[in-house]
1. Which condition does TYR79 not pass, out of (1) in a strand (DSSP E or B); (2) surrounded by fewer than 16 Cβ atoms within 10 Å (Cβ to Cβ); (3) of a type in the set (Ser, Thr, Tyr), if it passes all the others?
2. Has region 86-102 got any residue that is under 20 Å from VAL11 (Cα atoms), in a loop (DSSP other than H, G, I, E, B) and hydroxyl-bearing (Ser, Thr, Tyr)?
3. Identify the single condition in (1) surrounded by 13 or more Cβ atoms within 10 Å (Cβ to Cβ); (2) within 22 Å of ASP38 (Cβ to Cβ) that GLY84 does not satisfy, given that it satisfies every other one.
4. Can you find, within region 54-76, the residue that is surrounded by the fewest Cβ atoms within 10 Å (Cβ to Cβ) among those that are part of a strand (DSSP E or B) and among the hydrophobic types (A, V, I, L, M, F, W, C)?
5. Give me the residue from region 90-116 that is surrounded by fewer than 18 Cβ atoms within 10 Å (Cβ to Cβ) and basic (Lys, Arg) and, out of that set, farthest from PHE42 (Cα to Cα).
6. Of the residues that make up region 105-112, is at least one in a loop (DSSP other than H, G, I, E, B) and out of contact with any His (no Cβ under 6 Å at 6 or more places or on another chain)?
7. Could you tell me how many of the residues in region 39-96 are closer than 17 Å to LEU23 by Cβ and over 17 Å from the mean Cα position of the chain (by Cα)?
8. Please determine, by comparing only the residues of region 1-38 that are at pLDDT below 70 and among the acidic types (Asp, Glu), which one is farthest from the chain's Cα centre (by Cα).
Amino acid sequence: MLLLFLSQVKVDVVDVIGNFLVLGHKKTHSYVIMSIGDSEAFSIRIALDNTPFERPLSHDLMKNLIDISGFRVEKVVIYDVKNGAYLARIHLEKGFFMFKQKVVLDSRPSDAVALALRLKVPIFVMPHLLINPLEIKPDTLKTPKGIEG
């Protein structure tokens, strides 16, 4: 299974249309774009800008719970689209060598990305989800692959 490391994360806030999460690959310029909610966009923007917030947001709470559990997040993977919604998994592990315990959690991509940004772990996207800008056809722009689930 081939996973691509994505090196650009961008949240565009468009008043009429909504919020979009754009994950782009720096070398190939391929990208995936998904619509996300207001609170998720806000949380991702806070993490991107490294802006301190008075009280912990939900994703800060997730980070704190993972930190005290002894697990560490290894990576986040956006792996498919089902019924118009993107699917993601958060890969956690703890322990050493042959005593390692691994856990994979189902997640909405926006929550997984917000957590990954806080923990500074890689975000991967399966290649079949990426759009290559050199292959865009007019009908591609009319019908996005899916929304954030």
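1. All conditions are met except number (2).
2. no
3. Every condition holds for GLY84 apart from (1).
4. Of region 54-76, the ones part of a strand (DSSP E or B) are 72-76.
Narrowing the set further to residues that are among the hydrophobic types (A, V, I, L, M, F, W, C) leaves 73, 76.
Values: VAL73: 22, VAL76: 26.
Checked region 54-76; the qualifying residue surrounded by the fewest Cβ atoms within 10 Å (Cβ to Cβ) is VAL73.
5. Top of the filtered list is LYS100.
6. Yes: region 105-112 contains one or more residues that are in a loop (DSSP other than H, G, I, E, B) and out of contact with any His (no Cβ under 6 Å at 6 or more places or on another chain).
7. 0
8. ASP15
The values are calculated or read from the model by the stated rules, or taken from the named source; none is laboratory data. Everything numeric in this text was worked out from a predicted model, so none of it was measured. Neighbour counts run over all protein chains shown; Cβ positions are idealised from the backbone, glycine included.
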